[in-house]
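Read the structure below first, then the notes.
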Amino acid sequence: MSKVLLVTGGSQGIGAATVRLAAKQGWRVAFTYRSSAAQAELLEAEIAASGGEARGFKADAADEAQMLALFNWIDAEYGRLDGVVTNAGITGPTSSLENITTAIIDEVMAINVRGVFITVREAIKRMATDRGGQGGCIVNLSSIAASLGGPGDWVHYAASKGAIDSFTIGASKELAPRGIRVNAVRPGLIDTEIHAKAGMGDRLAKLGPSVPMGRVGTADEVAEVICWLLSDSASYVTTANVVVSGGR
């Protein structure tokens, strides 16, 4: 029976590209979305038409009750879980440090950090070999912002991704003896909706030429790395944080 993959925030951007590629590679994919129901339905239909399997579930990664309902649904629908991609995340609006509000801080940290803790915690209960699982792999979405710091506009976002880097190190070492590999991917400037949503629609055009490779990346290029980490080809890889940034 095909393995089951959960992708949080899977209806658009890097998440959707990962859902498409994983389904093409034979995974049965469950993915979450928070508000983009129409995009989720289109993605389901697209993958079904190409012979794959992907099903969306409305859930906010920061909402523990909704995430518990998601995992109960996975138990009922699939009876197993083999891989997780913690992609759900937001940048929050741009802000200098002196003007940042606690509302911005709380929302970004809740989704980008607490949401990952909740997701991974529940995944462990289903994947760990000492809990009756088959083992598996977790891939966390970090960002090149974690090393650049996001000065002047996204320090809050960069800090949340720095937390994910630390989380990946600790989780990978804790879970390796229990049959679970944990890695991260650190995208750079990627052509997705996230920039426009933050009110910076011209950001890619402005910064793209400064990338050593001379261009921004695509969601599909990031998805290729994520799916490699999920695969048996990466069977001895854990604790890694793969930079996908064109040299930025």
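None of the figures in this text is laboratory data; all of them are computed from the coordinates on show. These figures come from a predicted structure and were not determined experimentally. Virtual Cβ from ideal backbone geometry, glycine too; neighbours counted across all protein chains shown.
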| Once amide H atoms are placed 1.01 Å from N in the peptide plane, what residues at a sequence separation of 5 or more from Phe57, or on another chain, have their amide H within under 5 Å of its amide H? | Phe31, Thr32, Tyr33
| Taking R0 as 41 Å, what's the FRET efficiency between Ala65 and Ser210 from their Cβ-Cβ distance, rounded to 0.05? | 0.40
| Once amide H atoms are placed 1.01 Å from N in the peptide plane, what residues at a sequence separation of 5 or more from Ile180, or on another chain, have their amide H within under 5 Å of its amide H? | Gly136
| query | Using a simple spin-label model with points 7 Å from Cα along the Cα→Cβ vector, what separation in nm is obtained for Asn99 and Gln134? | reply | 5.1 nm
| So how far apart, in nm, are the two label points at Val237 and Asp106 if each is 7 Å from Cα heading toward Cβ? | 3.9 nm
| remark: Mean Cβ-within-10 Å packing, highest first, puts peptides 209-220, 3-14 in the order 3-14, 209-220
| Over the chain, what relative contact order in percent results from Cα pairs under 8 Å that are six or more residues apart? | 19 percent
| query | Given charges of +1 on the Cβ of Lys and Arg and -1 on the Cβ of Asp and Glu, with all other atoms neutral, how large is the dipole of segment 4-244 about its Cα centre, in debye to the nearest 20? | reply | 420 debye
| task | Mind counting lysine pairs for me in the chain? Cα separation below 29 Å, and the two need to be 8 or more apart along the chain or on different chains. | result | 18
| query | Given 0.36 nm per residue, what is the gain on full extension from Ala45 to Ala76 after removing their alpha carbon distance, in nm? | reply | 9.0 nm
| Within a Gaussian network of the chain (alpha carbon springs, distance under 10 Å), most fluctuating of Ser142, Ser233, Ser36 | Ser233
| note | Using alpha carbon centers only, segment 111-155 is separated from segment 69-85 by a whole-angstrom value of 16 Å
| Under the rule of -39500 (n - 2.57) per DSSP H run of 4 or more residues, summed and divided by the residues of the chain, what mean residue ellipticity at 222 nm is obtained, to the nearest 500 deg cm²/dmol? | -13000 deg cm²/dmol
